[in-house]
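*Asks:* Would you mind keeping the following structure in view while I ask a few things?
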Amino acid sequence: MNVNIVQRLYKFTIINNSFDSKMNITRTFDILEAGRDLYENRPVVAIKTNGVWEEYTIEKYSQIAHNISYGLMAMGLKTGDKVATISGNRPEWNFVDMGTSQAGMVHVPIYPTISQDEYKHILSHSEVKVIFVGDKGLYQKLQPLTENLVDFKGIFCFQEIDGIPSWKEVTEKGKSLAHEYVDELFRIKNSIQPDDVVSMIYTSGTTGVSKGVMLSHTNFLSNVHACSTLFQLKPGEKAVSFLPLSHVLERMVNYFYQSKGVSIYYAESLATIADTIKDVKPQLFITVPRMLEKTYDKIISIGKDLTGIKKQIFFWAVNLGYRYNEKGNNWFYNQKLAVARKLVFSKWQKGLGGELNFIISGGAALQPRLMRIFWAAGIPVYEGYGLTETSPVIAVNHGAQPGNVKIGSVGPVVNNVQVKIAEDGEILMKGPSLMKGYYKAPDLTAVAIDEEGWFHTGDIGHLDDGKFLTITDRKKEIFKLSNGKYVAPQAIENKLKESFFIEQCMVIGENEKFVSTLISPNFSFLHDWCSRHKIHFENNQELITLPEVIARYQKEINATNKQLSDYEQIKRYRLVAEQWSPQTGELSPTLKLKRKVIYETYKNVIDEIFGLGKNGD
C-alpha cells in the first residue's frame, strides 16, 4: 500500500478517534477505530487451530477488514447490498462484519444448522450478493441454492480447501486494488448515519417462516452503551465466545467486548468449550440455560461417583447452595458457605478456568435453583431478557450497584429502554434498540409495533417491586383447558427439566380436559441409570417402553406435580425415542422448542394420549 493511501487512512483514524472519555461510538465500525488505543498489541480475537492459538491484533484485524471492503467493492457490490455469513464463531466472521459495515453493506448472519428450505427462503428473501461459509460441508449445501439468486457474485469458504473459492481471494483482490477504492471507502464511511441498517437477522421461526429483522448501528450500540454501565470490564480481560455470532445476543456482546478492549477467544466447537475455558481462564462468558444445565449435570454426575465422606460433603454443599439468598444470608449460613466453597465449590471455579468474574445467561428462562447454586459457588450468573427485535437486551440482572439481582427475574430494565405491561400481561417495549422493522414486511411490522411506538414482545410478565421484570410465558404458548383454566407450559417445562432424566419436554393440552407432556429423555443419564440397575435394552425405542423406565419417569412427574396447581398437574406423559436438537428440527438454533414441528412429528402420539382421555380415562 502506498504512502498516500496510508496517510488518508490515518487521517480517517484521527478524525474518528476523537471520542470523549466515554468513547462516543455511533457506528459499529467506529469500534474498530477506537480499538487502536484500547488494545495496543493485545489480541482482539483468537481461535485455536491445530492446537495453537491464532491471535489477531487490532492492526491486523483492521487491515483485513479494509481489504474485505475493497474486495467486495471491486466485485461490484454497492452500499445497501447484502452479504451473508454462515459459519461457526471465528475471527473471520468479525472481519467480514466490519468490512461490510464500513462499506455501507448489510450483513446477513445465518445459522449454520438450519434446514435447506430455510436457507433457500433467507437467501432469496434477503437478496444476498456474496456468501461466506465456514467449511466444505456448508459450501456444498449452499452452492446449489444460489443458482437462481439475482446478480449473485459467489460463495467463499473460510477453510482452505482445494477446488473451493477461498475468502482470501476477496482480501487479496482488495489488497491489490486498494489504491482504486480507498477514497470511495473514505467517502462511504463519512456518509454512513447511525440510523442506517447495518444488519438483517432472521428470526429462528419457531412457528413459521423466518422474518428479516432490520437493525441499525444505533440499535446495536445503544444496547452496548446501556450494558457498559452495568458490567465493568477492563482492557486486557478475556472472554470465551461460543454462542453463535449469528445470534443477536452474542453479536451485541462481541461489540461490547471490543468497545471495552476485552480479548475474545472462540471455542473450536461445542465439544471443546470446557477445554477452551480451562485454557483461556476467562473473566466472563455468555451462555444459554441449556448449556449451564449441562455443565451442572456433569458436575453432579461427578459428585454421584464419589464415595464415603467425600460424597456426603459434596451433596451437603450442593444442598446448602440451593438455599442461597441473593438478598443476604445469616451469619451461620455464611460460615457454612465459606467451608463449602473451600472444600467443594473451589473445584467448580477451577473447572471454569478459576478467574471467572461472572456469567451472563440469556435466550430462555434459567432455573432459579441453578442461579442460586452458582451464586453460592462464588460464580455469579446474571440472567437477562431480550429479543432479536430489541438488539437484544431489555432487562438484565447486574452487579453495578447492590440490590440489582433478583433470582427468578430477568432483572431491572436497562436505563435507555421503557417497559410497560399491557392489560393482558404482555410486555411492551420502547427505546433506541428497537428494530427499524421487518424486511419487506410493513404489515408484520405494523402488527409488532403499535401506533404509539410500543413493540409487542409476545411475552407475558410482570414488574416486581416496580423494578424487576419477570417472564412467565410466551403469549402464544399459553393454552386453555376445556374447563376454562389457562396453563403456562414454559413454567412447567422448566420444572420438569430440573430432573436429570429429562433433556427436553413439551407440555400440551390445549382445549383438552387435562395437561400432558412429551418427554425427550436425557439418554446419556438414562443409559447410565439402566446400567447401574442391570436393565438391558437393544435401542432407545425399546428402552422407553420398559416398565422400570416408565415407573422411574412417573416418579419424576409426581415430584413436579407436587409443585403445581391441581389443573396444571400432568396426568399423562409419553417418552419419545428421539433426542431433540436443532439439527433434527425440534429445536431452534437457540435451543427453544419448535412447538409446531413437534406437534406435527408426534401427532399420532398426541392423538393417542388425548384419545384415551376422551374415551373416559
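*Asks:* Which one of the conditions (1) of a type outside the set (Phe, Trp, Tyr); (2) part of a helix (DSSP H, G or I); (3) within 20 Å of the chain's Cα centre (by Cα); (4) modelled with pLDDT under 95 does residue 301 fail to meet, given that it meets all the rest?
*Replies:* Evaluating residue 301 over (1) of a type outside the set (Phe, Trp, Tyr); (2) part of a helix (DSSP H, G or I); (3) within 20 Å of the chain's Cα centre (by Cα); (4) modelled with pLDDT under 95 leaves (3) as the failure.
Here's the yes/no breakdown for (1) surrounded by 15 or more Cβ atoms within 10 Å (Cβ to Cβ); (2) at pLDDT below 95; (3) not polar (S, T, N, Q):
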{"residue": "517", "(1), (2), (3)": "yes, no, no"}
{"residue": "538", "(1), (2), (3)": "no, yes, yes"}
{"residue": "565", "(1), (2), (3)": "no, yes, no"}
{"residue": "600", "(1), (2), (3)": "no, yes, yes"}
{"residue": "611", "(1), (2), (3)": "no, yes, yes"}
{"residue": "615", "(1), (2), (3)": "no, yes, no"}
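*Asks:* Same structure, new question: Could you say which residue among 591, 546 is hydrophobic (A, V, I, L, M, F, W, C) and at pLDDT 90 or above?
*Replies:* Just a single option satisfies the conditions, and that option is 546.
*Asks:* Return the residue satisfying two criteria in turn: it lies in the stretch 402-445 and is among the hydroxyl-bearing types (Ser, Thr, Tyr) and in a loop (DSSP other than H, G, I, E, B), and of such residues it is nearest to residue 108 (Cα to Cα).
*Replies:* Selected residue: 439.
*Asks:* Looking at (1) modelled with pLDDT of 95 or more; (2) surrounded by 15 or more Cβ atoms within 10 Å (Cβ to Cβ); (3) over 13 Å from residue 378 (Cβ atoms), which one does residue 295 not meet, given that it meets all the others?
*Replies:* Here residue 295 clears every test but (1).
*Asks:* Name the residues in the stretch 1-42 that are touching a helix residue (DSSP H, G or I) at 6+ places or on another chain (Cβ under 9 Å), among the polar types (S, T, N, Q) and at pLDDT below 90, would you?
*Replies:* 2, 4, 13, 16, 17, 24
*Asks:* Let me ask another. Give the number of residues within the stretch 491-517 that are part of a loop (DSSP other than H, G, I, E, B) and under 20 Å from residue 471 (Cβ atoms).
*Replies:* 2
*Asks:* If you go through the stretch 320-368 one residue at a time, how many are in a helix (DSSP H, G or I), surrounded by fewer than 19 Cβ atoms within 10 Å (Cβ to Cβ) and under 28 Å from the mean Cα position of the chain (by Cα)?
*Replies:* 7
*Asks:* Which is outside any loop (DSSP other than H, G, I, E, B) and either over 26 Å from the mean Cα position of the chain (by Cα) or not assigned by TED's automatic domain parsing to the domain that holds residue 517 (or both), of 453, 466, 461?
*Replies:* Answer to the check: 461.
*Asks:* Let me ask something else about it. State yes or no: is residue 444 surrounded by fewer than 16 Cβ atoms within 10 Å (Cβ to Cβ) and under 25 Å from the mean Cα position of the chain (by Cα)?
*Replies:* For residue 444, the condition - surrounded by fewer than 16 Cβ atoms within 10 Å (Cβ to Cβ) and under 25 Å from the mean Cα position of the chain (by Cα) - is met.
*Asks:* Additional query: Hey, can you tell me all the residues within the stretch 45-72 that are touching a residue at least 40 places away in the same chain (Cβ under 8 Å) and more than 25 Å from the chain's Cα centre (by Cα)?
*Replies:* 64, 66, 67, 68, 69, 70, 71, 72
*Asks:* Additional query: Across the stretch 143-186, what is the number of residues that are farther than 21 Å from residue 66 by Cβ and of a type in the set (S, T, N, Q)?
*Replies:* 4
*Asks:* Where in the stretch 43-138 are there strands (runs of 3 or more DSSP E), lying fully within it, with 1 or more residues that are modelled with pLDDT under 95?
*Replies:* 45-49, 52-56
*Asks:* Next up: Which residues, taken from the stretch 572-602, are closer than 18 Å to residue 113 by Cα, among the hydrophobic types (A, V, I, L, M, F, W, C) and either touching a residue at least 60 places away in the same chain (Cβ under 8 Å) or assigned to a loop (DSSP other than H, G, I, E, B) (or both)?
*Replies:* 580, 587, 591, 593, 598
*Asks:* Right, next: Just give me the residues in the stretch 540-561 being surrounded by 17 or more Cβ atoms within 10 Å (Cβ to Cβ) and outside any helix (DSSP H, G or I), in sequence order.
*Replies:* 544, the sole residue that qualifies.
*Asks:* Let me ask something additional. Using the structure shown, decide if residue 389 is acidic (Asp, Glu), touching a residue at least 24 places away in the same chain (Cβ under 8 Å), assigned to a strand (DSSP E or B) and buried (at least 21 other Cβ atoms within 10 Å of the Cβ).
*Replies:* So residue 389 does not fit the description; no.
*Asks:* Quick one: in the stretch 90-106, of everything that is in contact with a strand residue (DSSP E or B) (Cβ under 6 Å, 6 or more places away or on another chain) and buried (at least 24 other Cβ atoms within 10 Å of the Cβ), which residue is farthest from residue 149 (Cα to Cα)?
*Replies:* For the stretch 90-106, the residue satisfying everything is 94.
The values are calculated or read from the model by the stated rules, or taken from the named source; none is laboratory data. Just so you know, these numbers come straight off a predicted model, no measurement behind them. As a convention, Cβ positions derive from the backbone with ideal geometry for all residues, glycine included, and neighbour counts pool all protein chains shown.
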